[in-house]
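Let me begin by presenting the structure, written as structure tokens, before commenting on it.
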Amino acid sequence: MRYTNIVTSIIKHQEKILLLKRSDKVKTMKNIWSGVSGIIENNEIPLSRAKIEIFEEIGIVEKKIELLKSNEQIKIDSPQYKNHTWCIFPFLFKVETPEIKLNWENSEFVWIDPNDIVGYKTVPALKEILFDLL
């Protein structure tokens, strides 16, 4: 069985959370809503990778985010690859401003009430990750 370590960060501003629509330029999960996510490379610390992804994907520097919560990793079977597991490290961060600068990995963003996530087609387990963090 193969596995990939991934960070997924939920970004919170006041009572809203940020969803990103993955662009058609990414390798996997194209045009599906997600949090700020990325593959953990080599022996990186998950929290460090989460902060890097936040800067790369939405343009917010580390001093402008506050870690509210992290949970134990969860494992889910990859819907795309046989005999492959995703080990997801979930984080919840707070930001003071809703201003976002998307890079090429995402094509859209929305700030939503957390309960409205059910109306979005998301990456696997995002709803569960969200509600476990809140």
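For the reader, a short list of remarks on this structure follows.
- Within the range 39-79, tally of residues that are modelled with pLDDT under 95 and within 12 Å of the chain's Cα centre (by Cα): 1
- Flag if residue 132 is assigned to a helix (DSSP H, G or I), charged (D, E, K, R) and open to solvent by 80 Å² or more (accessible area, probe 1.4 Å): yes
- Counting the residues of the range 21-37 that are surrounded by 13 or more Cβ atoms within 10 Å (Cβ to Cβ) and modelled with pLDDT of 95 or more gives 9.
- All positions within the range 38-60 that are closer than 20 Å to residue 108 by Cβ, open to solvent by less than 80 Å² (accessible area, probe 1.4 Å) and charged (D, E, K, R): 53, 57
- Count of residues meeting criterion [in contact with a Ser or Thr (Cβ under 6 Å, 6 or more places away or on another chain) and farther than 15 Å from residue 100 by Cα] in the range 7-36: 3
- Looking across the range 74-102, the residues that are in a loop (DSSP other than H, G, I, E, B) and surrounded by fewer than 14 Cβ atoms within 10 Å (Cβ to Cβ) come down to 79, 80, 81, 82, 83, 96, 97, 98, 99, 101.
- Among (1) at pLDDT below 95; (2) under 13 Å from the mean Cα position of the chain (by Cα) - the single one residue 82 does not satisfy: (2)
- If you go through the range 110-128 and keep only what is open to solvent by 20 Å² or more (accessible area, probe 1.4 Å), part of a helix (DSSP H, G or I) and under 16 Å from residue 37 (Cα atoms), you end up with 127, 128.
The values are calculated or read from the model by the stated rules, or taken from the named source; none is laboratory data. The shown structure was predicted, so the numbers you read here are calculated from the model rather than taken from an experiment. Don't worry about glycine lacking a Cβ; one is built from the backbone with ideal geometry, like all the others, and counts go over all protein chains shown. The protein model used for the area step is the full one, side chains on, heavy atoms only, and it has no ligands, DNA or RNA in it. Shrake-Rupley method; radii C 1.70, N 1.55, O 1.52, S 1.80 Å.
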